[in-house]
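Just so it is clear, none of the values below were taken in a lab; they were calculated from the coordinates. Small disclaimer: the values here were computed from a predicted structure and weren't measured. Don't worry about glycine lacking a Cβ; one is built from the backbone with ideal geometry, like all the others, and counts go over all protein chains shown.
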Amino acid sequence: MSLSEHEKNRTAWNEMTDVHFNHPNYKVKEFLEGNNTLKSIELEEVGDVKGKHLLHLQCQFGLDTFSWARMGAVVTGVDISDRSIERANSLKEESGLPATFVRSDVLDLAGKIDRKFDIIFQSYGTHCWISDLGKWAKIVSDHLKPGGFFYIVDFHPIATVFEEENFSYFNKGPYRYRDEPDYCDKDYMIQNEMVEWQHTLADIINPLIAVGLQIEFVHEFNECAYPKTKDWYKKDGWYYPPGGPPNYPQMFSLKARRPE
């Protein structure tokens, strides 16, 4: 892992936090009026969270974290961005919802939280920011109670192969960029350098197995939670490219349990 590369992302996410917070796609106003920001896939696959202690990795400013709290979970959110955690704590005051937020790189979480969790949750655009999936898997395992489970729903790593020219599924990166449109506000050009890593599905699954977690399922979906370009269209709550549902997966989900 290169700490300098993660720190570049910390600076960039500090830049983008207010862009996202104020963008209508994030629906912060609707959230404060009672809207649940979680999507049907994770709601169905995670299941009942009432009374469960839930750790949300890479939570940004906590809309999904708070949504789990509204469903009865005891929630803790972690994010690398200082500004995101500031925004999360302001939303905590404004909404009156109970939550704990920790500012940390997910790979530097050891020793910063003194409890273990029934559920660890991670979603939508997260694994590409993690340079060392072996260390990530160890963090996940160490923070799970025996019998607890880790759940991720995210963009499928194969999709980029179909959507960008001359892109290899097996590229290990890192991929650096700046002055490119933000994924949410496509009229906003990101000023700070960002660093991403391409991981295959095997790269994500095998480290979890290596730390002793038991894979319960891996699912794949050809719908997408967000539009990738301006010409994508929305149908029944999901986004698709102009040609309609593609013949390759857009997203995946995975559930892995720590043995009793």
Report the Cα centroid-to-centroid distance between the range 177-244 and the range 59-96 in angstrom, as an integer. 21 Å
Residues whose built amide H sits under 5 Å from the amide H of PHE117, excluding neighbours closer than 5 in sequence, are LEU144, LYS145
What is the log10 of I(q)/I(0) for the range 112-215, computed with the Debye formula using one identical point scatterer on each Cα and no solvent, at q = 0.10, 0.13, 0.17 Å⁻¹? -0.35, -0.58, -0.89
Net charge, ALA69 excluded, C-beta distance under 13 Å - Lys, Arg +1, Asp, Glu -1: +3
Step through the residues of the range 129-142 one at a time and calculate ³J(HN,Hα) from phi using the Karplus curve (6.51 cos²θ - 1.76 cosθ + 1.60, θ = phi - 60°), rounding each to whole Hz and writing x for Gly and Pro. 9, 9, 7, 10, 6, x, 5, 4, 4, 5, 4, 4, 4, 5
Qualifying GluC sites (Glu not before Pro) in the range 120-205, DSSP loop, other Cβ atoms within 10 Å at most 16: GLU164, GLU165, GLU193
Debye log10 I(q)/I(0) for the chain, one point scatterer per Cα, at q = 0.09, 0.15, 0.16, 0.17 Å⁻¹: -0.38, -1.20, -1.41, -1.64
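Among SER104, SER84, SER40, SER131, what is the fewest-to-most ranking by other Cβ atoms within 10 Å?
Listing SER104, SER84, SER40, SER131 from fewest to most nearby Cβ atoms yields SER40, SER104, SER131, SER84.
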Can you give me the relative contact order of the chain as a percent, contacts being Cα pairs under 8 Å and 6 or more apart? 18 percent
Counting each DSSP H run of 4 or more residues in the chain as -39500 (n - 2.57), what helix-only mean residue ellipticity at 222 nm follows after dividing by all residues, to the nearest 500 deg cm²/dmol? -8500 deg cm²/dmol
In whole Hz, with x marking every Gly and Pro, tabulate ³J(HN,Hα) for the range 151-166 from phi via Karplus 6.51 cos²θ - 1.76 cosθ + 1.60, θ = phi - 60°. 9, 10, 10, 7, 6, 5, x, 6, 4, 4, 4, 7, 10, 10, 5, 6
Pick out, in residue order, every one of the trypsin sites (Lys or Arg not before Pro) in the range 2-34 that is DSSP loop and has at most 14 other C-beta atoms within 10 Å; say none if there are none. LYS27
Taking H as built 1.01 Å from N, whose amide H comes closer than 5 Å to the amide H of GLY77, not counting residues under 5 places away? HIS56, THR100, PHE101, VAL102
Neighbourhood net charge (15 Å Cβ-Cβ; Lys/Arg +1, Asp/Glu -1) for LYS116: +3
For the range 3-257, what is the percent of antiparallel DSSP beta bridges, rounded to the nearest 5? 55 percent
5 Å is the cut-off here: which amide hydrogens, built 1.01 Å from N in the peptide plane, fall below it relative to ILE190, excluding neighbours closer than 5 in sequence? ASP179, GLU180, ASP182
Proxy exposure order for SER95, SER81 (fewest C-beta within 10 Å first) is SER95, SER81
Remind me, relative contact order of the range 1-136 in percent, using alpha carbon pairs under 8 angstrom and six or more residues apart? 26 percent
What's the exposure ranking of LEU254, LEU43, going from fewest to most Cβ atoms within 10 Å? LEU43, LEU254
What are the ³J(HN,Hα) couplings of the range 204-213, residue after residue, when phi is run through the Karplus curve with 6.51, -1.76, 1.60 and θ = phi - 60°? Round to Hz, x for glycine and proline. 7, 6, 4, x, 5, 5, 5, 8, x, 7
